[in-house]
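Heads up: the structure comes next, in structure tokens.
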Amino acid sequence: MKLVVMNHVTLDGVMQAPGRADEDTRGGFEQGGWATPNSDEALGRAMGEHMARAGGLLLGRRTYEDLLGYWNSVPDSPFAPALNDTRKFVASRTLQEPLPWPNSTLLGDDLVEAVTALKAEGEGELGIMGSGVLIESLLPHNLIDEYLLMIHPIVLGSGRRLFPDGSPLTMLELVGSQTATTGVLIATYASTGTQQ
């Protein structure tokens, strides 16, 4: 199974709180919701195509609780049924079984071993949305196969970045791109290997 990161990022690499103001205020971040004005049909289609191929989602605890908690609280949410029906694998040291959302599995203590086993299950994709701490944990182990990045034409100057300082050297190859009507670059990069 291919492991694919699907995230919105700014030109300066910030991925924190793209969807709404109160999504993630860690570190005093006050610029949440920066991606919402740039949404268009092309962005929705790119995410939809990857979600349709996904054999599940791999999520960190914070993203799991926020994503499912938010969309399951929105009346007539267009995303809640799909999110609830999708298999979800959660990396957390604090959550315990049973997890609150349907089709959710808590991964064991050895994240690298658990993700390696998931990738060996078969064809399709396992998607990661948000989950910056999880991504940072996987980078040194070269487990991420592809990045679908929606690169927004904005510089925030602060916030949690997709590739924080100290990330390993990671070689990527552009394998697809298109531009949304709002100027967002939808870029797909395949990992060609990690060097430390």
*asked:* Which GluC sites (Glu not before Pro) in segment 28-92 sit in a loop by DSSP (not H, G, I, E or B) and have at most 14 other Cβ atoms within 10 Å of their own Cβ?
replied: Glu30
*Give the relative contact order (percent, whole number) for segment 2-195; include only Cα pairs under 8 Å separated by 6+ residues.*
33
*For segment 88-196, state which GluC sites (Glu not before Pro) are in a DSSP loop and have at most 14 other beta carbons lying within 10 Å of their beta carbon.*
Glu121, Glu123
*asked:* About the Cα centre, and with charges only on the beta carbon of Lys, Arg (+1) and Asp, Glu (-1), how big is the dipole of segment 2-195? Nearest 20 debye, please.
replied: 100
*asked:* Just to be sure I understand: with springs between alpha-carbon atoms less than 10 Å apart, which residue in Asp24, Asp85, Asp165 has the highest mean-square fluctuation in the Gaussian network model of the chain?
replied: Asp165
*Any chance you could check the Cα centroid distance between segment 74-144 and segment 145-196 for me, in angstrom?*
20
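Every number here is computed from the coordinates shown, using simple stated rules; none is lab data. Bear in mind that the values here come from a model prediction, so they are computed numbers and not experimental data. Cβ atoms come from the backbone with ideal geometry, glycine included; neighbour counts cover every protein chain shown.
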